[in-house]
Amino acid sequence: MKYKGIIFDLDGVICSTDEYHYQAWKALADRLDIAFDRNKNNLLRGVSRMKSLEILLGEQGGCFSDSAKEEMAEEKNSLYRRLLGTMSPASLDREVRITLDRIRASGMRMAIGSSSRNTRYILNRIDLEHFFDAVADGNCISRSKPDPEVFLKASDMLGLSPGDCLVVEDARSGVEAAAEGGFDCAAMGDAREDCRAKYHLAAFSDLQQILLQA
Ligand code: B16
Ligand code: MG
């Protein structure tokens, strides 16, 4: 097999927490009377919490102090975590679970590469806390996607070089991060349009064929 390791983005790839991000940012935007819709939310995929807030505030960003912005980010995060609290192992899509188990059975090394600082909490909610060989997340990086740092950290934790790993992403920022880091990328969702991705997934389970044929 061409790849020895596979690095999964979390939000929007393993689980649909991107919807909870949308609801929490939307609540904040409504309170601030700032226009926010799903198209704008798509720009926040893979991007750090504070950078996401800057995008949401747009030109109004200059009207708020750093501490006011910290409070807004905290307000969004506490609502987001309340929504995450409703998740359970049943929230993990069956197709995702089966595909992960099959990849695991093939002997491939598996990691998470997520910008989220809530990664461990999410993995715990869906009972995947001990599933992956490595977890690189927003707590162990200083630059979020599109910087490749989180994927380089994940491949390093797996003891593999970028050329030996496939990254799976739903965000254009993540596809760019993979390309910058020297990783091949399989894209799903919006990121499928991105020509920097080597593979374009119609379904999560397509990964099995890609890994077998690569
Ligand atoms: P948090 P991923 C990213 O996770 C999300 O796509 C992005 O929308 C979010 O702003 C970022 O994590 C930070 O998340 O506020 O939980 O630290 O897609 O890289 O798994
Ligand atoms: Mg994502």
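The values are calculated or read from the model by the stated rules, or taken from the named source; none is laboratory data. No experiment lies behind these values; they were computed from the predicted model shown. Counting neighbours? That spans all protein chains shown, and the Cβs are built from the backbone with ideal geometry, glycine included. Surface accessibility is based on the protein's heavy atoms, side chains included, excluding ligands, DNA and RNA. Shrake-Rupley method; radii C 1.70, N 1.55, O 1.52, S 1.80 Å.
Quick notes on this structure:
- For segment 117-160, a residue qualifies if it is within 16 Å of ligand 2 (Cβ to nearest atom), part of a helix (DSSP H, G or I), open to solvent by less than 30 Å² (accessible area, probe 1.4 Å) and closer than 21 Å to residue 4 by Cα, and the qualifying residues are 150, 151, 154.
- Residue-level check: of (1) at pLDDT below 95; (2) outside any loop (DSSP other than H, G, I, E, B), residue 22 misses just (1).
- Qualifying residues in segment 14-45 (those that are within 12 Å of ligand 1 (Cβ to nearest atom) and touching a Gly at 6+ places or on another chain (Cβ under 8 Å)) - the one most open to solvent (accessible area, probe 1.4 Å): 45
- Residue match in segment 96-116 (condition: assigned to a loop (DSSP other than H, G, I, E, B), more than 12 Å from ligand 1 (Cβ to nearest atom) and touching a strand residue (DSSP E or B) at 6+ places or on another chain (Cβ under 9 Å)): yes
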